[in-house]
Amino acid sequence: MAAAKQKVHVKKGDMVMIITGKDAGKKGKILQVIPKKGRVVVEKANIVKRHTKPTQSMPQGGIIEKEAPLASSNVMLFCEECNSVTRVSIKETEAGKVRVCKNCGVNLPDKK
């Protein structure tokens, strides 16, 4: 049976803060969202070491450090206007639906 697609509360390009785990308190931009697994990849967070074989593109091989996915429930959207983590509210405007910060009421940018 295939895994059900989960709703993820953040988008690619959003600034988030990690609230639990070994990287708690770190801020970073979302590089990738994986809705099938409910996970996100955050820039410069949850770094893992990957041992790679030599290939044509990388003849040396070796150990590479890269970001690994973490559960989307472990991150919270970071509002740069009020400089704190926040939840998101959706407001209907003449231009369409807009995401709004719950703390300060400022429109959150749609970064892609």
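The values are calculated or read from the model by the stated rules, or taken from the named source; none is laboratory data. Bear in mind that the values here come from a model prediction, so they are computed numbers and not experimental data. Ideal geometry is used to build each Cβ from the backbone, glycine not excepted, and the neighbour counts take in all protein chains shown.
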Count - residues of region 87-112 that are of a type in the set (Ser, Thr, Tyr) and either at positive phi or surrounded by 11 or more Cβ atoms within 10 Å (Cβ to Cβ) (or both)
1
Looking only at region 55-75, count every residue that is at pLDDT below 95, in a loop (DSSP other than H, G, I, E, B) and not small (Gly, Ala, Ser) and tell me the total.
5
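Listed here are the residues, each with its yes/no results for (1) under 29 Å from Lys36 (Cβ atoms); (2) not small (Gly, Ala, Ser).
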position	(1), (2)
Ala71	yes, no
Asn74	yes, yes
Glu80	no, yes
Asn83	no, yes
Thr86	yes, yes
Thr93	no, yes
Val98	yes, yes
Asn103	no, yes
Would you confirm whether or not region 53-61 contains a residue that is without any contact (Cβ under 8 Å) to a residue 12 or more places away in the chain, in contact with a strand residue (DSSP E or B) (Cβ under 6 Å, 6 or more places away or on another chain) and surrounded by fewer than 11 Cβ atoms within 10 Å (Cβ to Cβ)?
no
Just a yes or no: is a residue in region 9-17 in contact (Cβ under 8 Å) with a residue 60 or more places away in the chain and either on the phi > 0 side of the Ramachandran plot or small (Gly, Ala, Ser) (or both)?
yes
Looking at (1) more than 30 Å from Val98 (Cβ to Cβ); (2) buried (at least 16 other Cβ atoms within 10 Å of the Cβ); (3) polar (S, T, N, Q), can you tell me which one Ser72 breaks?
(1)
Residues that are without any contact (Cβ under 8 Å) to a residue 12 or more places away in the chain and closer than 18 Å to Met17 by Cα, drawn from region 81-106
Asn83, Arg99
Members of region 84-112 that are more than 21 Å from the chain's Cα centre (by Cα) and part of a loop (DSSP other than H, G, I, E, B)
Glu94, Ala95, Cys104, Gly105
Residue under evaluation Phe78, criteria (1) outside any strand (DSSP E or B); (2) touching a residue at least 60 places away in the same chain (Cβ under 8 Å), criterion not met
(1)
Residues that are touching a Phe, Trp or Tyr at 6+ places or on another chain (Cβ under 8 Å) and of a type in the set (Ser, Thr, Tyr), drawn from region 64-112
Ser84, Thr86
